[in-house]
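Worksheet: the structure to be examined is printed underneath.
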Amino acid sequence: MKNTVVVSAIIKNEKGEALLIHYDKEKEGGVLIPPGGKMELGESARETVTRECKEELGVEIEVKDLVGISELDYGDGKPWIFLFYSAEIINGTPQPMEANRVDGKGFDIVYTEIENMNHFKNIRWI
């Protein structure tokens, strides 16, 4: 059985609010998730989150510390492992690079309390 590893960036503004992506999918009203994505073969966790922030937000980040981990089972028998790293934007202004997705799903950026993030209570914060 293969596990899926997803790596995400926890980026906060000067007010301490987390940058989250409002993704119009999965649930009624969408989901709020941090930028990130699936780890590719041969890629480190830090490389994954750096690549994903560039692809999704058009920004370069400095990855700091591992701050959280969780494991979810979506009922398909394949555990999903989630790693969360604190990060800072070092170049660029976040913008929805996937606003015109081919699947028609909406994508927007919001700053809000991190507790509003989907599955927040399932994460073991370090």
Odd one out for residue 64 among (1) surrounded by fewer than 18 Cβ atoms within 10 Å (Cβ to Cβ); (2) not in a strand (DSSP E or B) = (2)
Inspect the range 42-59 for any residue being out of contact with any Phe, Trp or Tyr (no Cβ under 8 Å at 6 or more places or on another chain), basic (Lys, Arg) and either at pLDDT 95 or above or over 21 Å from residue 115 (Cα atoms) (or both) and give the result as yes or no.
-> yes
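If you take the residues in the range 73-94 that are at pLDDT 90 or above and either charged (D, E, K, R) or assigned to a loop (DSSP other than H, G, I, E, B) (or both), which one is surrounded by the most Cβ atoms within 10 Å (Cβ to Cβ)?
94
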Residues of the range 1-41 satisfying the condition of being within 13 Å of residue 114 (Cα to Cα), acidic (Asp, Glu) and at pLDDT below 95 | none
For residue 52, indicate whether it is in a loop (DSSP other than H, G, I, E, B), within 23 Å of residue 4 (Cα to Cα) and of a type outside the set (Gly, Ala, Ser).
-> no
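Tally up the residues in the range 34-53 that are of a type in the set (Ser, Thr, Tyr) and either on the phi > 0 side of the Ramachandran plot or over 12 Å from the mean Cα position of the chain (by Cα) (or both), please.
So the count comes out to 1.
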Report whether or not residue 70 is within 26 Å of residue 124 (Cβ to Cβ), modelled with pLDDT of 95 or more, surrounded by 12 or more Cβ atoms within 10 Å (Cβ to Cβ) and not β-branched (Val, Ile, Thr).
-> yes
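The values are calculated or read from the model by the stated rules, or taken from the named source; none is laboratory data. If you're wondering where the values come from, they're calculated on a predicted model, not measured in any experiment. Heads up, the Cβs are rebuilt from the backbone with ideal geometry, glycines too, and the neighbour counts pull from every protein chain shown.
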